[in-house]
1. With labels modelled as points extended 7 Å from the Cα through the Cβ direction, what inter-label distance (nm, one decimal) is found for Glu24 paired with Glu151?
2. How many nm separate the modelled label positions at Gln78 and Glu194, each set 7 Å beyond the Cα in the direction of the Cβ?
3. Roughly to the nearest percent, how much of the accessible area of region 1-101 is carbon and sulfur, given a 1.4 Å probe?
4. Report the calculated FRET efficiency for Arg144 and Val178 (r = Cβ-Cβ distance, R0 = 35 Å), to the nearest 0.05.
5. Within the set of other residues whose C-beta is less than 15 Å from the C-beta of Ala156, count the net charge using Lys and Arg as +1 and Asp and Glu as -1.
6. Given a Förster distance of 25 Å, report the FRET efficiency between Ala16 and Ser43 from their Cβ-Cβ distance, rounded to the nearest 0.05.
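The values are calculated or read from the model by the stated rules, or taken from the named source; none is laboratory data. Worth saying up front: this structure is predicted, and the values here are computed from it rather than measured. Every residue, glycine among them, receives a Cβ derived from its backbone with ideal geometry; neighbour counts consider all protein chains shown. In case anyone asks, the SASA skips ligands and DNA or RNA and just uses the protein heavy atoms, side chains included. Shrake-Rupley method; radii C 1.70, N 1.55, O 1.52, S 1.80 Å.
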Amino acid sequence: MSEDLTPEADPSCSDAEQDVLWMERVKNGDHGAFQLLIEAHQSRIVGTVAKMLGDDTDSEDIAQQVFIRVWNSAARYQPTAKFTTWLFKITRNLVFNELRRRKRHPATPLEHKEEDRSFQMPDPNSPSPAATMMAGELQAAIQRAIDSLPEAQRMAIILRRYEELSYEEIAEVLKLSVPAVKSILFRARADLRERLQKYLDE
């Protein structure tokens, strides 16, 4: 076990190169490098999990499981692809498992009581309540539309739209060919356009 001196990021490295350097140290049991990897990527993983599941309920727990897998699998990591591609492959496996678990054991969502909501004074610089409601309604509609997609389409659209991964990277994450990724993205976008037509026409 190496001494846990927190390694500084090398300003001459790209983000992808820095990830590989940190992973080399993680392989040797360096907790400092592991913490920096978590800090660099946690928000992306939590966000992706939340969009895949359609809520924030278990997103942080699953993201934690993702990084536990990273730590436990570090010895087998080979930088043949970007670290983030490998990270999203681990995320895909855990999220798909959770989606299947939810199908087998659907839970009834808890209703939020009005008295549980904290009262806040309106901010004069914030958007009007009507504009905020419309934006919230649109975001909810987008999430419902994404939720309706099959798992692979959902993952592909989230990785492409929100994480800006290349077709090649998405193909690696989903274990598909690049033409297959382009095909499922085409179908996903067509389905989303159809479901969101009401908002697109406004």
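1. About 3.6 nm separates the two model spin labels.
2. 4.2 nm
3. 47 percent
4. Once the sixth-power term is evaluated, E becomes 0.75.
5. +2
6. After rounding, the FRET efficiency stands at 0.90.
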